[in-house]
Ligand code: PAN
Ligand code: ZN
């Protein structure tokens, strides 16, 4: 029998993907109006500033029950005012769908929020492994001075629900205050 190579590969170093059915999405500052606390600082910045990029491998159609997606998020270093660059954050559309995250490069914080608005936080670093339970909103924050690369694997039918976060926020913000990383 023929032994084939897989149609996709990822970098062991930073999780970059190449191959079939790999897509890339880019989030710029202008896509995150209302997400940062310091609106004045937000509007003083170039709206085209790239905050993060996500590479995703979708071997099955979105919504396929039992399927899995695989991706890497790259969050640039930087701040809006004193608040670190971060992802939008979301609950899954099918609320009970869980996910794995793992740290590849850089330093950051993973912020969790349950449906009642209770928060918990975990350090993200090369080699860190994070189980994101179902019914928990999740957001990545880059607290370092280099790119934060984080791998992820999630159910193909999970979907993303951004509305509740856009409306009510995440309950906690990760900032640099007096040279320290603080969550408040
Ligand atoms: C991740 C996230 C990725 C970007 O792949 O989608 O980090 O964050 P936002 O989707 O909040 O902009 C994931 O959690 N997928 O389910
Ligand atoms: Zn998710």
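Some observations on this one:
- The convex hull around the C-alpha trace of region 63-170, projected and averaged over every direction, spans 6.4 square nanometres.
- For the pair residue 135 and residue 37, a Förster radius of 30 Å applied to the C-beta separation gives a FRET efficiency near 0.70, rounded to the nearest 0.05.
- Residues in region 83-118 reached by a label modelled at residue 12 [backbone nitrogen below 20 Å; 7 Å Cα→Cβ]: 102-106
- With contacts taken as Cα pairs under 8 Å and at least 6 residues apart, region 114-184 reaches a relative contact order of 30 percent.
- Placing pseudo-labels 7 Å out from each Cα toward the beta carbon at residue 82 and residue 167 gives an inter-label distance of 3.1 nm.
- Extended-chain gain in nm, criterion 0.36 nm per residue less alpha-carbon gap, residue 182 and residue 114: 22.5 nm
- Inter-probe distance in nm under a simple model that places probes 7 Å from Cα toward Cβ, at residue 3 and residue 48: 4.9 nm
- Anisotropy class of region 13-84 from Cα gyration tensor, a/c 1.5 cut: prolate
- When the convex hull of its Cα atoms is viewed from all sides, the chain shows a mean projected area of 11.3 nm².
- Placing a pseudo-label 7 Å from each Cα along the Cα-to-Cβ vector at residue 24 and residue 147 gives an inter-label distance of 0.9 nm.
- Cβ-based exposure ranking for 143, 64, in which fewest neighbours within 10 Å come first: 64, 143
Each reported figure results from applying straightforward, stated rules to the coordinates on display, with no laboratory input. Small disclaimer: the values here were computed from a predicted structure and weren't measured. Positions of Cβ are backbone-derived with ideal geometry, glycine not excepted, and every protein chain shown enters the neighbour counts.
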